[in-house]
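Any read-out appearing in this document is the output of simple, stated calculations on the displayed coordinates, not a laboratory observation. Bear in mind that the values here come from a model prediction, so they are computed numbers and not experimental data. Because the Cβ atoms are built from the backbone with ideal geometry, glycine has one as well, and the counts that use them run over all protein chains shown.
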Amino acid sequence: MSKKPIATIMRTEFPTLTADTPIRRAAAQLVDARAAAAPVLTEDGRLAGLITQKDCFHSALHASYYREWTGKVGDHMSRDVVTANAQDDLIKVAEMFLTYPHRVFPVLDGRQVVGVIHRSDILTELVRLG
């Protein structure tokens, strides 16, 4: 069981954003996709950061008071991102979720983002495998 690579269970359809995306549009995309987070990519498709729903809350709360959304994704995203490798095994990534408070990790193959893995994806697979 533990040698199963996460590439077999990761999500390959997921929203991506750029640092220049207005934060309101980013929040709407996360909500529309029912995504907890989205990788932020550079022009050449490399990982620049991660934006989460929680990151969007700051601007959303500001907007509720002042009727104005402020900033771009680059102003709110995390730049020091914990990632998984597509060939990492299920148990290794499960342990990463216990180590870090994150709900989502971008999955890389080399330097390219090829998917995302959610904590619920790992738990679902662990339950399925018994």
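Where does each of Ser64, Ser120, Ser59 land when they are ranked from fewest to most other beta-carbon atoms within 10 angstrom?
By the 10 Å Cβ count, ascending, the order reads Ser64, Ser120, Ser59.
Only sites in a loop by DSSP and with at most 15 other Cβ atoms within 10 Å count here; which trypsin sites (Lys or Arg not before Pro) in the stretch 78-130 make the cut?
Sparse-neighbourhood loop trypsin sites (Lys or Arg not before Pro): Arg79, Arg103, Arg111.
Between Glu43 and Leu98, what is the FRET efficiency for a Förster distance of 25 Å, r being their Cβ-Cβ separation, to the nearest 0.05?
Using R0 = 25 Å, I get an efficiency of 0.10.
Which percent of Cα-Cα pairs in the stretch 5-130 sits in each 5 Å bin, short to long?
Once binned at 5 Å, the Cα pair distances of the stretch 5-130 give 2, 11, 21, 22, 18, 12, 8, 4, 2, 0, 0.
Counting Lys and Arg as +1 and Asp and Glu as -1, each charge on the Cβ, what is the dipole of the stretch 6-129 about the Cα centre in debye, to the nearest 20?
320 debye
Kindly write out, for the stretch 113-125 in residue order, the coupling ³J(HN,Hα) from the Karplus curve 6.51 cos²θ - 1.76 cosθ + 1.60 (θ = phi - 60°), rounded to whole Hz, with x marking Gly and Pro.
7, 10, x, 9, 10, 9, 3, 5, 5, 5, 4, 4, 5
With a 10 Å cut-off between alpha carbons and a GNM built on the chain, which of Ala28, Ala19, Ala84 moves the most?
Ala28
Only helical DSSP H runs with n ≥ 4 go in: add -39500 (n - 2.57) per run for the chain, normalise by residue count and round the 222 nm mean residue ellipticity to 500 deg cm²/dmol.
-11500 deg cm²/dmol
Please go through the stretch 68-130 and write out the GluC sites (Glu not before Pro) that DSSP classes as loop and that have at most 15 other C-beta atoms within 10 Å.
Glu68
Residue by residue through the stretch 87-99, what is 3J(HN,Hα) from phi via Karplus (6.51 cos²θ - 1.76 cosθ + 1.60, θ = phi - 60°)? Round to whole Hz and write x for glycine and proline.
For the stretch 87-99, the Karplus curve yields 8, 4, 7, 3, 5, 4, 6, 4, 5, 4, 5, 6, 7 Hz.
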